[in-house]
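Everything below concerns the one structure shown next.
The values are calculated or read from the model by the stated rules, or taken from the named source; none is laboratory data. Model, not experiment: these values are computed from the prediction. Every residue, glycine among them, receives a Cβ derived from its backbone with ideal geometry; neighbour counts consider all protein chains shown. These accessible areas exclude ligands, DNA and RNA; they are computed on the full protein's heavy atoms, side chains included. Shrake-Rupley method; radii C 1.70, N 1.55, O 1.52, S 1.80 Å.
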Amino acid sequence: MGVPFISRGFRGRRREDAAVAGRIPPGQYLTRDFPVLSAGPTPRTPLDRWDFTIRGAVDAPRRWTWDEFRALPSETITRDIHCVTKWSKLDTVWEGVSLDTLLAGVDTDARFVVAFCDGGYTTNLPLADVTGGKAWIAYAFDGKPLAPEHGGPARLLVPHLYFWKSAKWVRSLRLMLADEPGFWETNGYHDYGDPWREQRYWGD
Ligand SMILES: Nc1nc2c(c(=O)[nH]1)N[C@H]1C(S)=C(S)[C@@H](COP(=O)(O)O)O[C@H]1N2
Ligand SMILES: [Mo]
């Protein structure tokens with residue numbers, strides 16, 4: 001006698017649920033929405049005035065116009081994202097340019113970066129967390145140009161850390177020899193922000 005179909009289906013579903021549960025960090029819940037979290041108004045920089053720069057502790061500053069940036073090799077990135085306000089969203093699909101591509105050939109002793117954005121938002125990260133296939137400058141979400149409220153024309157995407165590190169409207173990375181806290185990191189959020197270690201606030 002074979003196992004009844006309904007039983008196999010039930011077990012298959014349970015296995016899927018367990019697989020999904022294993023992707024949700026402690027204290028997080030799953031959402032299908034895409035909430036907007038911005039500390040201020042949405043800036044709107046025309047593309048002909050947009051540029052992206054890498055500066056600070058580098059051999060020479062680098063700069064790309066929008067057209068130059070969009071001519072760089074890009075990737076489709078599918079990742080889970082986790083916001084410190086406790087929502088997680090699975091399998092989000094982005095297109096963007098890897099930070100490895102932008103940092104190729106940059107000679108630096110820096111160990112940290114600060115991302116600077118239109119509107120004044122900043123966030124800090126170890127350089128090791130934006131290299132090695134872990135971070136992108138994303139310009140599309142779900143196959144469409146990134147909406148202004150979600151950081152369009154382009155945002156930093158660092159999915160392995162809490163989403164406040166994924167700076168919207170990013171325009172520049174400053175490479176730093178020493179760590180320097182950004183906007184939320186100065187205002188009580190954890191310096192590093194690993195969702196799997198639940199590093200939400202100072203002292204976590
Ligand atoms: N420039 C900028 N980037 C930002 C923020 C911001 O206020 N300004 N908020 C951060 C926070 S706290 C989160 S959770 C995510 C939210 O991104 P979303 O609005 O696309 O969901 O953006 C992050 N990047
Ligand atoms: Mo957030």
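For Thr85, the requirement of being hydroxyl-bearing (Ser, Thr, Tyr) and closer than 19 Å to Phe34 by Cβ is met. Could you go through segment 178-191 and let me know if any residue there is touching a His at 6+ places or on another chain (Cβ under 7 Å) and at pLDDT 95 or above. Checked against the condition, which is being touching a His at 6+ places or on another chain (Cβ under 7 Å) and at pLDDT 95 or above, segment 178-191 yields no hits at all. Count of segment 28-82 residues, restricted to those that are of a type in the set (A, V, I, L, M), touching a helix residue (DSSP H, G or I) at 6+ places or on another chain (Cβ under 6 Å) and within 16 Å of ligand 2 (Cβ to nearest atom), is 2. Considering only segment 45-52, I want to know if a residue exists there that is modelled with pLDDT of 95 or more, within 16 Å of ligand 1 (Cβ to nearest atom) and within 26 Å of Leu177 (Cα to Cα). Looking through segment 45-52, at least one residue is modelled with pLDDT of 95 or more, within 16 Å of ligand 1 (Cβ to nearest atom) and within 26 Å of Leu177 (Cα to Cα).
For segment 147-157, the condition of being free of Cβ contacts under 8 Å to residues at least 12 places away in the same chain and in a loop (DSSP other than H, G, I, E, B) holds for at least one residue.
Considering segment 147-162, and only residues there that are open to solvent by less than 10 Å² (accessible area, probe 1.4 Å) and of a type in the set (A, V, I, L, M), the residue that is farthest from Trp66 (Cα to Cα) turns out to be Leu161.
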